[in-house]
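Notes follow the structure.
The values are calculated or read from the model by the stated rules, or taken from the named source; none is laboratory data. None of these values were measured; they are calculated from a predicted model. Please note: Cβ atoms are built from the backbone with ideal geometry, for glycine as well, and neighbour counts cover all protein chains shown. Remember, those area values only see protein heavy atoms, side chains included, never the ligands or the DNA or RNA. Shrake-Rupley method; radii C 1.70, N 1.55, O 1.52, S 1.80 Å.
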Amino acid sequence: MTGRHYRVVVIGGGIVGTSVLYHLAKFGWTECILIERGQLTAGSTWHAAGGFHALNADPNVAALQAYTIELYRKLEEDEPGCCGLHMTGGLNIAGNAERLEWLRAAWAVFQTVGIETARLVGRDEIAELCPLIDPSGIAGGLYDANEGHLDPSGATHSLARAARRLGAEVDVDNRVLELRARPQGGWGVVSQHSTFTADHVVNAGGLWARHVARMAGVDLPVAPMQHHYLVTEPIPELASLKRELPITVDLEGFTYLRQEGEGVLLGVYELQPRHWHIEGAPWDYGADLLPPDIDRISPELEIGLARYPSIAEAGIKRWVNGPFTFTPDGNPLIGPVRGLPGFWVACGVMAGFSQGGGVGKSLAEWMIEGEPEADVFGMDVARYGPFASADGYLEALTSQFYSRRFVMSYPNEQLPAGRPLVTSALHDQLTAKGASFGVSWGLEVPLYFVADRDRGEFSEIPTLRRSNAFEIVAREVEAARNGVALLDITGFARYRVAGPEARSWLDHLVASRLPEPGQVRLAPMLSPSGRLMGDLTVTCWSADEYWVVGSYYLREWHLRWFAEHLPPSGVVVHDISDEWAGLAVIGPRSRELLARLGSCIGAVPFLGARQVELGLLRARLLRLSITGEMGYELYVEATKLRTLYAHLQDASSGFDASDIGYRAVDSLRLEKSYGIWSRELTRLQTPGMSGLGRFVDYDKADFIGRGSCLKEREAGPTQLLVTLQVDTADADAGMFEPVWQKERRVGFVTSAGYGHHVGMSLALAYIEPGLTEPGTSLEVHVVGSRRPAKVIEDSPHDPTGARMRG
């Protein structure tokens, strides 16, 4: 084996590593090898409870989990019994009306991604499905027939055998010692018993993933944590059952239960979790368990024993306390790592038996085809920056996720862990003005401002419906529509693209026509398949200097894409997001306000860009708006942002300029039918679907995705983005809510909210092309209940755009 060359080396022999190997071989890359330091499953796989679920808060992840379950079925068709598959169904129970409402909303969303095996169930049916349960205090639940459990070892070995049959190799008892990036590309892999080269390396190291990543020079935000479950002695009530118990999750009790022979397995997600070797497991850690820590988990355990009284009577056969790896948000880390060509990760897969198959499929597609079929941004390693790997931050965020594993979450909820980490230069001033902050990629961003009269008394209440901040946001919307408002736009990503080849490179990178000096353009960026990779603005300052602006939380994601397409010379891309910051001046009096600081402002046309003098400062000014009103964006060096803010405050005497936050911006942009990234614009959408086709220069000779774009223009998009007016009283639709025409599901909501100025509950949604005519009657789920809706003309506020253009 020494001296051999492989296309791919997969490091790690758990369920994820074997899935990656299997899918690579299945899709045609058979010159691959998996290297495991011990035996297959000898990490967290062997002691896993083995449960799998199709349901997930992210519908894109849920679709991959459904694929994973189907994969187990196919493996057992080829090799009956190989996975020890038990399709028992799964039950989530709610202990109160609010949680049941939350489950009802989740049930509606799952239908959007085609999960139709789930249904709502009442207390009596719950008691019938799980006779061990004490039904008192249960409000209802959600049952999905497409759930169950399996043999962790059997499933892992089955994937390894299938990969071998396709031509891939598996090498066990051979720890990787060193990874060496080769100057000519690819990697040198040094292990205990062999040395060879590979085009690609996949870090599926599980508990050791952080160690493996550091061999390549990168630190990953993934950490092992302890997790307990117990297995009981036989329970007499189970002997008379003619079927197996469903996996049952007690969402208020922080426990999950499944049958184990004639007893049960009860797992606990405690509120006081504990890490284990946050830097990664020791290399000599084997197939061992950690000592149980019963006292620490006893509060949650008592709830579980009360919910299932038979467990206390049966006695406990054994305790399992084993480490699993967690990321800050609990989702996996997959994909290529920026700056390390050929180095991929597939780790942090806490729900390995729910997600392992989907992770392996998506990563293999990504490596072979250049992009995965599914939208996997929720799993993408590039959703985090280096800040997330600091031990203190990682410990705080993973603890928060673990302790909230079964805790109800709300769309308006702001969680405290790891905050504040990064703040704008205006943070103190905005705090003094009553700002309530959210967080974006570690940065504190203002959501809304509580007036002086309410300060000290107001606290936003988490809810699935309209929150008690509703009137606060309404005031900020009206300030932007009727006067002048200031918005801190530090929370946007900014990149400087410069060099003699800057224009030709950008012309290839984006699908739009490039701006001339002194102009700004909206610029869709596409993948080779014609799907969206970004919604950017490009500003041309000179023939060889451009600014590209996009979503702040996509910084690592965009930089990776830029790096993958940069030529060897002639272009330099520099992330200036932390070096420059800005303020947006919004509203019909914005020009009048700025004229007090610089007389040349009025001469800047819509979508114009100038370097201007404002008081003591020289600033870069863009004439554009994200709200549909007349607006300007002003950028200065970050150290001068406070001065810019002070100048604007001084000049606003008599204007009653208001600070606004991003809740108001969301309402304002919905009134203009403007899509945003991760909502209307994702890697699953195309320019033709999203309405961005009007910004594509189809006549350009060469840009990434052009061929696919032309095909879509000829054939027509499969879905179209529309604006809906929803008839609802105290709640608005949520993301991924299904859209119905009678009993037929015809689309889904991407984002929704209340348009405070137009006085409507609005939703943006993708629906079938034949249903886009204004006036078309539809229905939309809102918090799990169907509500009447109708298609309306886009941009219910100022449809001609006259106010924005001024």
task = Determine Rg/Rh for segment 10-68; Rg is computed over alpha-carbon atoms and Rh is the Kirkwood hydrodynamic estimate from the same atoms.
result = 1.04
request  = For the chain, build the charge dipole from Cβ charges (+1 Lys, Arg; -1 Asp, Glu) around the Cα centre, then report which of ILE316, SER436, VAL665 sits farthest towards its positive end.
outcome  = VAL665
ask   = What nm distance separates the two modelled labels at TYR410 and VAL172, each placed 7 Å from Cα along Cα→Cβ?
value = 5.0
ask   = Roughly speaking, what % of Cα-Cα pairs in segment 33-143 are separated by over 21 Å, rounded to a whole number?
value = 52
key: Derived scalar couplings ³J(HN,Hα) [segment 395-412; Karplus, 6.51 cos²θ - 1.76 cosθ + 1.60; whole Hz; x for Gly, Pro]   = 5, 5, 6, 5, 5, 4, 5, 4, 5, 9, 3, 10, 7, 5, 10, 10, x, 9
task = Mind giving me the nanometre distance, one decimal, between the label points for ASP578 and GLU373, set 7 Å out from Cα along Cα→Cβ?
result = 4.0
ask   = What is the calculated FRET efficiency for CYS600 to SER459, with r their C-beta to C-beta distance and R₀ = 60 Å, to the nearest 0.05?
value = 0.85
note = If unit charges are put on Cβ atoms (+1 for Lys and Arg, -1 for Asp and Glu) and the dipole of the chain is taken about its Cα centre, the option from LEU142, TRP677, LEU266 lying farthest towards the positive end turns out to be TRP677
Carbon and sulfur %, accessible surface of segment 248-385 computed with the full protein complex present, 1.4 Å = 52
inquiry  = Taking every pair of distinct Cα atoms and averaging 1/r, then inverting, what Kirkwood hydrodynamic radius in Å comes out for segment 339-386?
reply    = 11.6
message = Between ASP727 and ARG318, how high is the FRET efficiency from 1/(1 + (r/R0)^6) when r is the Cβ-Cβ distance and R₀ = 60 Å? Nearest 0.05.
response = 0.60
request  = Starting from the Kirkwood radius over alpha-carbon pairs of segment 182-322, derive D by Stokes-Einstein at 10 °C in a medium of 1.306 mPa s and give it in µm² s⁻¹.
outcome  = 87
message = Keeping every protein chain present and rolling a 1.4 Å probe, give me the accessible area per residue for segment 573-693 in Å².
response = 35
message = Let's see if you can work this out: charge +1 on each Lys and Arg Cβ, -1 on each Asp and Glu Cβ, no other charges. What is the dipole magnitude of segment 116-205 about its Cα centre, in debye to the nearest 20?
response = 620
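Cα gyration tensor of segment 504-563, axes a ≥ b ≥ c as square roots of the eigenvalues: rounded (a/c below 1.5), prolate (a/b > b/c) or oblate? Walk me through the intermediate numbers first.
Working: a/c = 1.83, a/b = 1.45, b/c = 1.26.
It comes out prolate by the Cα gyration axes.
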message = Regarding segment 194-247, what's the average projected area of the Cα-atom convex hull, expressed in nm²?
response = 8.3
ask   = So if R0 is 35 Å, what FRET efficiency would TRP283 and LYS74 give, r being the distance between their Cβ atoms, rounded to the nearest 0.05?
value = 0.50
message = Positive end of the dipole of the chain, charges at C-beta (+1 Lys, Arg; -1 Asp, Glu), about the Cα centre: which of ALA763, ALA651, GLY28 has its Cα farthest in that direction?
response = ALA651
remark   = Amide H proximity to SER658 below 5 Å, modelled H, separation 5+ or other chain, gives VAL484, ALA485, LEU486
inquiry  = If you build the convex hull over the alpha carbons only and average its shadow over all orientations, what do you get for segment 496-597? Give it in nm² to one decimal.
reply    = 7.8
query = For segment 387-462, what class follows from the C-alpha gyration tensor (a ≥ b ≥ c being the square roots of its eigenvalues): rounded when a/c is under 1.5, otherwise prolate if a/b is larger than b/c, else oblate?
reply = oblate
note = Simple spin-label estimate for GLU302/LEU566, 7 Å along Cα→Cβ, in nm, reads 5.8
task = Just need the Rg to Rh number for segment 226-307, please, alpha carbons only, Kirkwood Rh.
result = 1.04
Degrees separating the helix 97-112 axis from the principal Cα axis of the chain, which is the longest one = 80
remark   = Calc'd 3J(HN,Hα), segment 584-596, phi into Karplus 6.51 cos²θ - 1.76 cosθ + 1.60 (θ = phi - 60°), Hz, glycine/Pro = x, comes to 9, 10, 10, x, x, 9, 5, 5, 5, 5, 5, 4, 5
key: Cα centre as origin, Lys/Arg/Asp/Glu Cβ charges: the chain dipole, Debye   = 1680
key: Degrees separating the helix 15-26 axis from the principal Cα axis of the chain, which is the longest one   = 80
ask   = Once amide H atoms are built 1.01 Å from N in the peptide plane, which residues 5 or more positions from GLN519, or in another chain, come under 5 Å H to H?
value = CYS540, ALA609
note = Carbon/sulfur accessible area of segment 61-148, % of total, 1.4 Å probe, equals 49
task = Run the numbers on segment 411-528 and let me know its relative contact order in percent, using alpha-carbon pairs under 8 Å that are six or more apart.
result = 17
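Counting every Cα pair in segment 710-782, what percent are over 22 Å apart?
23
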query = What full-extension length gain, to one decimal in nm, is calculated for ALA127 and THR772 as 0.36 nm per residue of separation minus the Cα-Cα distance?
reply = 227.7 nm
Distance histogram in 10 Å bins (all Cα pairs of segment 535-667, percent per bin) = 10, 39, 35, 13, 3, 0
query = How far, in nm, would the chain grow between ARG744 and ARG165 when pulled straight, counting 0.36 nm per residue and subtracting the alpha carbon separation?
reply = 204.1 nm
key: segment 328-426: C-alpha pair distances exceeding 16 Å, %   = 63
inquiry  = At 1.4 Å probe size, put LYS433, LYS700 in order of accessible surface, largest to smallest.
reply    = LYS433, LYS700
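Please report the relative contact order for the chain, taking Cα pairs under 8 Å with a sequence separation of at least 6, and give it as a percent rounded to a whole number. Each step should come with its number before you reach the end.
Numbers: 1890 pairs, mean separation 93.0, N = 806.
Across the chain, relative contact order equals 12 percent.
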inquiry  = Can you give me the long-range amide H partners of GLY534? Hydrogens built in the peptide plane at 1.01 Å from N, cutoff under 5 Å, separation of 5 or more residues or another chain.
reply    = MET525
request  = First check a/c for segment 612-734, with a ≥ b ≥ c the square roots of the eigenvalues of its C-alpha gyration tensor; if it is under 1.5, answer rounded, and if not, answer prolate when a/b is larger than b/c or oblate otherwise.
outcome  = oblate
